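Each remark here refers to the structure printed beneath this line.
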Amino acid sequence: MAGKRRKAAQERLHLHIENLSALGEVFEASRARVQAALAEYPRLKGRVRVTIGYDGKTFARNMRTADALFGWRFDRERLAETAPRLKWVHAHGAGVNHLMPLDWLPRGAVLTNSRGVHGEKADEYTLMALLMLNNHLPRIAANQRKAKWEKLYSTSIAGKMLLVVGVGHIGGGAAKWAKRLGMRVVGIRRTGKPHRHVDEMYQPHALGRLLPKADFVLVSAPHTSSSHHMIGAAELDLMKDGAGLINYSRANLVDYAALRRHLRRGRLSAVLDVFDPEPLPADSPLWNTPNLIVTPHCSSDDRELYTPRTLDLVFRNAERLIDGKPLLNRVNPTIEY
């Protein structure tokens, strides 16, 4: 009987969850959260063994038998040797540029990410940012700090053009709300594939001729080797006077030094949620740049729901792995997302 129990334990899928304490409670896959998420998948009872670690303390030991790994930052050195059974790694986030290149991933193993998990919270943030820019809130906030009374009138956002650079889950959600506001939405995505909430869709090579027409630009593309500084000095020069920029996804998609020059001149305004490095250093000139709203990378990570929704995706994929089905949100190493 004991031998049968040992064999059954060996056949179960071993999922190891590696937490990073520095990320805080929002991103913690605690035992309570894991148990609550797992309870929604009764088919996994007795078929998956979950271990939970923090800050690498039990990482090496658990990797010896782990079939799957869920985490954000972890020791990737010689992972193929230390984790001989590893078939699947899930990144606790949408961006995976910090994990590139994937030469550390064991042969035959798959990397998945959390794109799409942000959902409604991301939509709310991009909607808020658009309305802030349309109503001159970056400049008004700067005036408040200077006790400067300056009436800044605006017109309705309806009829204005939003250019969405990167029409994925986040960009598509922003497009949906922009259409509800009566805006004209133009999109850019790698494939050029149409989207039901986008009036016109283009591929990245069209960026230069679209920027001069846009009243607002939302950057929601993944950061890859080919998209680094895709909104650089030349692209910012093309933007129309009075236009607003929102960078939601990754700092290095936009040349912030070049952007700052336009903000100081009052030619552009911006809402930025992502920076490099993070936290943004106290001596960064961005803190005191006029016509800019800084939010500290908290735009769409729902305090209560982000990690539970991520765990739901992980256990959905655990079922698929056991059933031999393709995993959801698989990362393509060629395009880096």
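The values are calculated or read from the model by the stated rules, or taken from the named source; none is laboratory data. None of these values were measured; they are calculated from a predicted model. FYI the Cβ positions are ideal-geometry reconstructions off the backbone, even for glycines, and counts take in every protein chain you see.
Values for this structure:
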| item | result |
| --- | --- |
| Search result, residues across the stretch 262-280 that are surrounded by fewer than 17 Cβ atoms within 10 Å (Cβ to Cβ) and in a loop (DSSP other than H, G, I, E, B) | Gly266, Arg267, Asp276, Pro277, Glu278, Pro279 |
| So Gly93, is it within 29 Å of Cys298 (Cα to Cα), touching a Gly at 6+ places or on another chain (Cβ under 9 Å) and either touching a residue at least 12 places away in the same chain (Cβ under 8 Å) or of a type in the set (Lys, Arg) (or both) | no |
| Yes/no for Ile335 being on the phi < 0 side of the Ramachandran plot, touching a residue at least 12 places away in the same chain (Cβ under 8 Å), of a type outside the set (Ser, Thr, Tyr) and not in a loop (DSSP other than H, G, I, E, B) | no |
| Looking only at the stretch 126-153, and only at residues there that are under 23 Å from Leu210 (Cβ atoms) and out of contact with any strand residue (DSSP E or B) (no Cβ under 7 Å at 6 or more places or on another chain), the one that is surrounded by the most Cβ atoms within 10 Å (Cβ to Cβ) | Asn134 |
| When residues of the stretch 124-153 are limited to those that are in a helix (DSSP H, G or I) and touching a Ser or Thr at 6+ places or on another chain (Cβ under 7 Å), the one farthest from Gly172 (Cα to Cα) | Arg139 |
| Unmet criterion (only one of (1) in contact with an Asp or Glu (Cβ under 8 Å, 6 or more places away or on another chain); (2) buried (at least 19 other Cβ atoms within 10 Å of the Cβ); (3) closer than 30 Å to Thr65 by Cβ) for Ala91 | (1) |
| Matching residues in the stretch 278-294 - criterion: being under 23 Å from the mean Cα position of the chain (by Cα) and touching a residue at least 40 places away in the same chain (Cβ under 8 Å) | Leu292, Ile293 |
| Flag if Gly173 is without any contact (Cβ under 8 Å) to a residue 12 or more places away in the chain, small (Gly, Ala, Ser) and over 20 Å from Phe275 (Cα atoms) | no |
| Count of residues meeting criterion [in contact (Cβ under 8 Å) with a residue 12 or more places away in the chain and among the charged types (D, E, K, R)] in the stretch 134-154 | 1 |
| Tally of residues being part of a loop (DSSP other than H, G, I, E, B), touching a Lys or Arg at 6+ places or on another chain (Cβ under 9 Å), within 22 Å of Thr224 (Cα to Cα) and of a type outside the set (A, V, I, L, M) across the stretch 94-110 | 2 |
| Sole residue being more than 22 Å from the chain's Cα centre (by Cα), under 19 Å from Leu327 (Cβ atoms) and assigned to a helix (DSSP H, G or I), chosen from Arg61, Arg43 | Arg43 |
| Residue check, Lys179 surrounded by fewer than 17 Cβ atoms within 10 Å (Cβ to Cβ), assigned to a loop (DSSP other than H, G, I, E, B) and of a type in the set (Lys, Arg) | no |
| Filtered residue count, the stretch 96-133, keeping only those that are without any contact (Cβ under 8 Å) to a residue 24 or more places away in the chain and more than 27 Å from Ala178 (Cβ to Cβ) | 4 |
| Those residues of the stretch 203-230 which are surrounded by fewer than 14 Cβ atoms within 10 Å (Cβ to Cβ), small (Gly, Ala, Ser), modelled with pLDDT of 95 or more and in a loop (DSSP other than H, G, I, E, B), in sequence order | none |
| Members of the stretch 25-40 found to be in a helix (DSSP H, G or I) and not aromatic (Phe, Trp, Tyr), listed by number | Glu25, Val26, Arg31, Ala32, Arg33, Val34, Gln35, Ala36, Ala37, Leu38 |
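Rundown of residues vs (1) among the small types (Gly, Ala, Ser); (2) crowded, with 16+ Cβ neighbours inside 10 Å; (3) at pLDDT 95 or above, yes/no style:
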{"residue": "Arg196", "(1), (2), (3)": "no, no, yes"}
{"residue": "Met201", "(1), (2), (3)": "no, yes, yes"}
{"residue": "Gly232", "(1), (2), (3)": "yes, no, yes"}
{"residue": "Lys240", "(1), (2), (3)": "no, no, yes"}
{"residue": "Ile246", "(1), (2), (3)": "no, yes, yes"}
